[in-house]
Amino acid sequence: MGGPRLVLLGRPGAGKGTQAHRLSDLYGVVHVSTGDMLRDPQSTITAAGSAARAAIDAGELLADDVVIALVGGRLAQADVVERGFVLDGFPRTVAQADALADLLAPGGVDVAIELDVPPEVVQARLVGRRSAAGAAGRPDDADEVVGRRLKRHDAEVAAVADWFERRGLLVVVDGMGSTDEVTARLRAVVDRAIASS
Ligand code: AMP
């Protein structure tokens, strides 16, 4: 009944997207990325000129109710229900974590993994991502926005990590090293979580 239910936490630039993609291949789970959903040109939430679009470009969080409705809709779809999921970019606030628990009740997530990469390393990666992408890059990877996103992220996600920690669901994984090394660490954690669920 249903596949693994995984949450990936970690700073922007910590490699969540890359690793979520790999977990999706390895375990057959659906990669649910709120950032990707919101950046989708078809997204009605972030249509050109909308307040949501402006918030994203400025590196600010969208309102909880908007993002909760988006994720709630996705998690209810048949592929996610059948195959399970790896959530990337959600929950970002305690209100979102509470909402996720409600959405999944009476079950819950198998494990929340925090991909740990030091702030100075992700800062350098994000600035690199911006210059590699040139004019086509994400506006929220701009230097001044990156610093703001990181500070805000650390304050908010500390509370979310704490939320999972208090429920015995948080595992912190070293996000430094090659992509393969990090994937191997994640696999060990996910295998253990699945075995004990
Ligand atoms: P990300 O790609 O996960 O860094 O998300 C890009 C941007 O989308 C964020 O800076 C926010 O503006 C918005 N966003 C993504 N996920 C959330 C969320 N869970 N809550 C609020 N805003 C979000």
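Of the numbered criteria (1) assigned to a loop (DSSP other than H, G, I, E, B); (2) modelled with pLDDT under 95; (3) touching a Leu at 6+ places or on another chain (Cβ under 7 Å), the one residue 1 fails is (3). Look at (1) free of Cβ contacts under 8 Å to residues at least 60 places away in the same chain; (2) surrounded by 13 or more Cβ atoms within 10 Å (Cβ to Cβ); (3) of a type in the set (D, E, K, R) and you find that residue 166 fails only one, number (2). Of all residues in the stretch 28-43, those that are small (Gly, Ala, Ser) have Cβ atoms under 6 Å from Cβ atoms of residues that are near the ligand (Cβ under 10 Å from one of its atoms), 6 or more apart or on another chain, in 33/88; 33/89; 35/89. I'm checking my understanding of the structure. Among residues of the stretch 31-51 that are aliphatic (A, V, I, L, M) and under 18 Å from the mean Cα position of the chain (by Cα), which one is surrounded by the most Cβ atoms within 10 Å (Cβ to Cβ)? For the stretch 31-51, the residue satisfying everything is 32.
For the stretch 1-44, which residues satisfy the criterion of being more than 18 Å from residue 100 (Cβ to Cβ) and of a type in the set (Lys, Arg)? Those that are more than 18 Å from residue 100 (Cβ to Cβ) and of a type in the set (Lys, Arg): 11, 22, 39. Can you confirm whether the stretch 51-72 contains a residue that is at pLDDT 90 or above, more than 16 Å from the ligand (Cβ to nearest atom) and over 27 Å from residue 183 (Cα atoms)? No, that holds for no residue.
For the stretch 73-87, a tally of residues being assigned to a helix (DSSP H, G or I) and either among the aliphatic types (A, V, I, L, M) or more than 13 Å from the ligand (Cβ to nearest atom) (or both) returns 8. Within the stretch 139-163, the residues that satisfy the criterion of being over 17 Å from the mean Cα position of the chain (by Cα) and in contact (Cβ under 8 Å) with a residue 24 or more places away in the chain are 139, 145, 147, 148.
The values are calculated or read from the model by the stated rules, or taken from the named source; none is laboratory data. Values in this document were obtained by computation on a predicted structure and should not be read as measured data. Heads up, the Cβs are rebuilt from the backbone with ideal geometry, glycines too, and the neighbour counts pull from every protein chain shown.
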